[in-house]
Every structure is written in C-alpha cells, then in structure tokens.
1. What is the packing order of peptides 174-182, 122-130, 338-346, taking the mean over residues of other C-beta atoms within 10 Å and listing the highest first?
2. What order, most packed first, do the peptides 248-254, 208-214 have when packing is the mean number of other Cβ atoms within 10 Å of each residue?
3. Over the range 180-248, what relative contact order in percent results from Cα pairs under 8 Å that are six or more residues apart?
4. Cα convex hull of the chain: how many Å³ per residue?
5. Which angle between 0 and 90 degrees, to the nearest 10, do you get for helix 57-72 versus the longest principal axis of the chain when only C-alpha atoms count?
6. Kirkwood Rh, Cα Rg: Rg to Rh for the range 421-547?
7. How far is helix 306-315 tilted, in degrees, relative to the longest principal axis of the Cα atoms in the chain, given as a value from 0 to 90 rounded to the nearest 10?
8. Quick check for me: using +1 on Lys/Arg Cβ and -1 on Asp/Glu Cβ, what's the dipole size of the range 253-546 about its Cα centre, in debye to the nearest 20?
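Bear in mind that the values in this text are calculations on the coordinates, not laboratory data. Quick caveat: nothing in here was measured; it's all calculated off a predicted structure. Quick reminder, even Gly has a Cβ in these numbers, built from the backbone with ideal geometry, and neighbours come from all protein chains shown.
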Amino acid sequence: MGRRVKVAVVGGVFAVMVGGAGYGTYNFMSALNEGGGGRGGTGSAGPAPVKSGPASSDEVEETSAKFFAAWEKGQAASAAGYTNNDTAAEQLLTAYGEAAHISDVRITPGTSSGATMSYTVKAKVAYDGKSKSLTYKSKLTVVRGVTTGRALVDWQPSVIHPELRRDDTLVTGESANPPIEAVDRNGAVLTKDEYPSLGPILDALRDKYGDKAGGTPGIELVIRHAGEDAADTPLLTLAKGKAGKLRTTLSAGAQAAAEKAVKQYAQSSLVAVKPSTGEVLAVANNRKDAFNAAFEGEVAPGSTMKIITAAMLIDNGVTSMNGPAPCPDTATWQSQTFKNLTNMRPDENATLANSFMRSCNTAFIKLIDEKPLTDESLTTEAQTRFGLGLDWKTGVVSRDGKVPASSGPDRAANAIGQGQVQMNPLNLASVTATAITGDFRQPYLVSPELDDRQLATAKGLPSGTAAQLKQMMRLTATQGTAVEAMAGLGGDIGAKTGSAEVDGQAVSNSWFTGFRNDVAAAAMTEEGGHGGEAAGPIVAAVLRAAG
C-alpha cells in the first residue's frame with residue numbers, strides 16, 4: 001500500500017499517564033472541555049464536587065455505552081470526548097472511518113470485570129467497490145479523570161483494535177506489496193496459522209520481497225506502523241492479489257519443533273542454523289510483544305561468551321584445551337571482584353577444558369591479562385574469526401552482535417558475557433556453527449541470489465582451535481553443565497550454558513547453545529535462571545527434531 005496515503009497517527013499528542021492502575025492525566029484541552037461543557041462535558045453552570053476513587057460499575061457501563069454509541073455513529077469528536085486523551089483518540093477514530101473505510105459499526109458489550117469492559121465489534125470495510133465484514137474482540141478500562149473526577153475511557157490504541165499499538169494507524173487500500181506464499185527449503189508452505197511466531201517475519205519478507213516474488217497486489221485493511229522498517233500488518237483482505245512464491249531456508253519440521261519448544265517458557269527466543277551453509281532452519285519467539293528478539297535482541301549472553309573467549313586464549317597462545325586455567329573461588333580485576341556460581345568447587349589445577357565445561361568465571365578472568373592480550377583482543381577475535389559486528393544481511397532486519405573493546409572492569413566482564421557484550425540467539429547459533437566447523441558462514445533466511453546482497457565474510461578459526469572448541473563443547477554436553485539438558489540426544493553433540501545478570505531483574509536470563517551433527521541452535525529465556533534450566537530444554541528439543 002503506497003505511503004502516499006494521508007493517514008492519522010495514534011499518540012501524536014503529548015499525554016502523561018501515571019500509575020499502574022490506569023489513572024490518567026489527560027491533556028489540558030481535555031480538562032477545559034470537561035469543565036466547560038465541551039465535547040462530552042456536563043455543561044453545568046457551577047463547579048460540581050470532584051469525585052474520587054475507582055469508577056463504579058454503573059459509571060463503567062454508562063461511560064462505555066456513551067463511547068460505543070458515538071463510535072457506532074462515526075462521531076469521532078464526540079466519542080473522543082469520553083476518553084482521557086481526546087486529541088489522540090479523535091485522530092484514530094477519524095482514521096477508522098476515513099483512511100480505513102470502516103462503517104456500519106455495531107458494538108456488543110460483553111461482561112465487565114471491575115473497571116474493564118470487554119466487547120465485540122462487527123463492521124463493514126468497503127473500498128473501490130469491494131466490501132467485506134470485519135469482526136473482532138477488544139476491551140477498555142474506565143478510569144476517573146484527575147482534574148474533574150469524570151469517569152472516562154482510559155485511552156489506548158488497543159481500544160479501537162487489539163493489535164494497535166502506540167503510533168499505529170489503520171488504512172485500507174491497495175497493498176504496498178503483493179502477497180507472498182513463503183515456502184520452506186523443501187517447498188512446504190509456511191503460514192502464520194501453523195507457525196504463529198513467524199507472523200512478523202512473514203510480514204517483513206512480504207514487505208521486502210513481495211515485488212520480487214512475481215505476485216500482484218490486492219486490497220487490504222492493514223495496521224500501518226510508525227517505524228520506517230516496520231512492515232504493515234494485514235488484518236483483512238478485500239480482494240486477493242496474486243501471491244508470488246518465496247523460498248526460504250527454513251525447515252518446516254525444525255520450525256514446528258521450535259514453535260512448540262519456546263512455548264515452554266515465556267519470553268523465549270530460538271534460532272537454529274545449518275553450520276555447513278549458514279542457512280537458518282528455524283526462528284521462533286514466545287513473547288508478549290511482536291518483537292523478533294531471536295534476530296534483533298541485544299542483551300548480554302552470559303557464559304556462552306566463553307566460546308569466543310576460549311578461542312581468543314587458544315589463538316593467542318595463552319593456553320590450550322589441556323593447558324592450565326586455574327579456577328579459584330574469586331578473581332579480582334582492576335578493583336572488581338568476580339565470583340563463580342554458588343557451590344562451585346575451586347580447582348587450582350584445572351585445565352581450560354575443565355573450567356569451560358564447568359563454566360568457571362574466575363578461570364577466564366585470571367587469564368585475560370596474560371600477554372599478548374590487550375583491550376582489543378576479544379573484539380578482534382569476535383569480528384575477524386566469528387564475523388560479529390560486520391553488518392549481516394540475513395534477508396530481514398537483524399542485529400549482528402556487539403563485542404566492543406573495553407578497558408577497566410568491563411574488559412573482564414566482557415570475557416564472561418557481561419559488561420558491554422550484546423548478542424541474540426541468531427548471533428550465538430552462528431558462533432557455535434563457526435566454533436565446530438572453523439568457518440564463518442553468515443546466517444541467512446533468504447538466498448542472497450534473490451536480491452544480489454553481499455553476505456558478511458570473516459576468516460574463521462584455525463583448524464586446531466576449532467577442534468579444541470568442539471571437543472570442549474562435547475565435554476560440556478556429556479560431563480559438564482549441559483548434561484541434563486542434552487540427555488538422550490544421540491549423534492555428535494556439544495553445548496555451552498550461560499546465565500546473564502541484568503540490572504533490574506531478580507532472576508538472570510537463561511542462555512544455551514548446542515549442536516547435533518549439522519545443526520546448531522541457541523536460545524534465550526528472559527529471567528529463566530541458569531542456562532540448562534530454561535533455554536537448555538528449548539535447544540535440546542529442536543536438536544532432537546532437526547539434528
């Protein structure tokens with residue numbers, strides 16, 4: 001759908017919201033309207049007593065009824081006057097009728113729970129001689145205006161449609177891009193219904209490749225998002241366009257396993273890749289929002305970073321898999337003291353393999369000041385060997401990891417995946433793929449031959465380093481911290497666990513990466529605890545299905 005269409009934008013005014021219960025401070029003009037008989041005002045001659053406290057059940061029903069009645073009649077200004085942000089509400093309600101071409105609105109209230117009212121909206125969308133019915137459910141909450149004490153609808157874009165967010169709007173017209181029929185590596189059709197977490201990714205693929213896949217546009221009602229890179233979200237198709245076929249690197253079997261696996265834990269994300277090619281086999285998210293954290297997240301990866309740190313130590317001759325890496329109780333670097341996980345037994349005679357498979361923090365901290373290491377060594381290893389931070393072009397929006405050169409305490413923190421290091425499951429799955437093959441192959445979701453984009457390149461690892469990393473990951477899966485998660489998996493397997501502390505969180509993020517034959521996968525669960533507890537079972541389930 002062409003961006004030339006003039007539309008209203010949700011939330012385009014200044015409004016301040018306070019309190020978790022939804023008590024809102026609406027804009028100054030709204031306050032004047034309420035007190036002076038303007039839209040939705042009482043019109044009383046003298047000042048009335050200002051009510052306080054939550055809205056009563058009668059007020060909830062009465063306010064909702066008045067708001068619904070004005071909405072049904074297409075009276076945007078009048079309906080907006082029953083909200084605590086009339087300017088923003090009027091913009092979207094106006095777009096609802098004009099830009100989105102929605103009419104014949106009928107709203108059926110459902111049950112109320114406290115100050116929240118649920119309802120069903122039935123309407124008609126008509127454009128260019130085409131029309132179709134539209135039905136959906138939503139809800140609103142009634143709060144009390146701070147200044148006047150009036151019962152008002154707490155304005156959120158989701159009041160108008162449950163999928164609307166701040167700065168979104170609704171538009172009906174010719175599609176911005178033709179529809180696509182996305183298929184997996186073997187030709188199986190990939191749909192949002194069967195693979196729900198692929199929804200935003202399929203929208204993004206259509207936005208980028210719809211005009212290259214050979215289709216023709218249709219007529220749709222869509223949610224238009226404010227971000228330049230954000231693809232429209234289709235809600236209703238009035239006239240089907242011709243879908244062009246777009247082949248992806250995904251595997252329907254691996255994707256199905258990933259969809260099921262991430263549902264085990266809230267706020268989880270996973271990516272699986274084929275190490276021998278860099279092709280993405282599965283990408284899944286189980287989140288409250290539609291954010292593709294699997295590709296776009298930027299958070300500390302915890303001890304999974306020790307794969308790169310171990311490679312740095314080996315490549316620079318500091319130690320080797322069977323060389324010394326003592327594991328004391330604590331290690332101090334430039335006035336900051338680092339500790340190990342609770343109950344970890346110290347071992348002054350530990351090798352690098354032993355400290356790696358037990359995930360001993362202090363062993364890695366003690367070695368980062370050995371010559372010839374510098375503040376830049378970890379960054380150099382991450383970029384030149386593992387391809388991180390090199391502007392990956394996967395086919396959709398993605399972030400390619402950050403391992404900045406750091407001095408002071410952050411140099412030590414970076415080595416164990418804290419400090420300033422940032423990654424996502426896509427990056428970590430690629431790190432594992434590089435570690436076990438020795439070659440960096442930039443992950444991708446759509447073949448670069450389709451649009452002639454250039455994939456990032458890096459020189460990869462010396463064969464001896466890769467062999468040692470792979471063996472240490474094998475030991476971690478069979479004798480170390482990943483044993484429980486990887487139990488029962490046959491074939492050539494390996495893994496690394498991690499947990500990352502995040503400011504403001506009581507529980508650390510859970511990270512896990514592993515491989516089985518020619519499949520590497522990585523997962524992250526926000527506030528999931530230790531790596532083997534949440535992210536581990538997710539990765540193992542996908543490796544079991546795809547490896």
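1. Working: 174-182: 21.2, 122-130: 15.2, 338-346: 12.9.
Sorting 174-182, 122-130, 338-346 by mean packing, highest first, produces 174-182, 122-130, 338-346.
2. Details: 248-254: 22.9, 208-214: 18.6.
Highest-to-lowest ranking by the protection proxy: 248-254, 208-214.
3. On the way: 105 pairs, mean separation 28.1, N = 69.
It rounds to 41 percent for the range 180-248.
4. Details: hull volume 90.7 nm³, N = 547.
Normalising the Cα hull of the chain by residue number yields 166 Å³.
5. Computed tilt is about 80 degrees.
6. Details: Rg = 15.2 Å, Rh = 15.1 Å.
Radius of gyration over Kirkwood radius for the range 421-547 works out to 1.00.
7. 40
8. On the way: 24 positive and 29 negative charges, 112 e Å.
With only Lys, Arg, Asp and Glu charged at Cβ, the dipole is about 540 debye.
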